[in-house]
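Below: the structure, in structure tokens.
No value in this document is a laboratory result; all are computed from the given coordinates. Everything numeric here is computed off the predicted structure, so don't read it as measured data. All Cβ positions, even for glycine, are placed from backbone atoms using ideal geometry, and neighbour counts span all protein chains on display.
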Amino acid sequence: MDCSVAEVYATLLDEGTYLCSMRTMYRILAAHGETQDRRQQRQHPTYTKPELLATAPNQLWSWDITKLRSHQKWTYFQLYVILDVFSHYVVG
């Protein structure tokens, strides 16, 4: 129970017993649902996604930065925008 398939396979070969290949052992274990990870894994808690809700203008703002290409080669402008979430108007 606490040995891997490779350990069981090698132990059986050392005893002079050949039952099947390692792949067949894995197939048998998978058919019985025994191929899970034996390590203790950390379970991450499920976090709720924050929901931002604005019921009137100027309660909640959002921002965005966009790169704009210039007419010159390798020259870009950065456009910073602040938006009101409720009305979708540009604030700044």
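Quick notes on this structure:
- Take 47-58, 7-18 and order them by the average number of nearby Cβ atoms within 10 Å per residue, most first; the result is 7-18, 47-58.
- Principal-axis tilt of helix 22-31 within the chain, Cα atoms, nearest 10 degrees: 70 degrees
- Note on region 1-79: Rg/Rh from C-alpha atoms, Kirkwood Rh, equals 1.49.
- Karplus-derived 3J(HN,Hα) values for region 51-58, using 6.51 cos²θ - 1.76 cosθ + 1.60 with θ = phi - 60°, are 10, 9, 10, 10, 9, 8, x, 6 Hz; glycine and proline are entered as x.
- For the chain, adding -39500 (n - 2.57) for each run of n ≥ 4 DSSP H residues and dividing by the number of residues yields -6500 deg cm²/dmol at 222 nm.
- Computed about its Cα centre, the charge dipole of the chain is approximately 580 debye, with only Lys, Arg, Asp and Glu carrying charge at their Cβ.
- Surface/4 estimate of mean projected area, convex hull on alpha-carbon atoms of region 45-92, nm²: 5.7 nm²
- Inter-centroid distance (Cα atoms) of region 59-92 relative to region 20-56, Å: 41 Å
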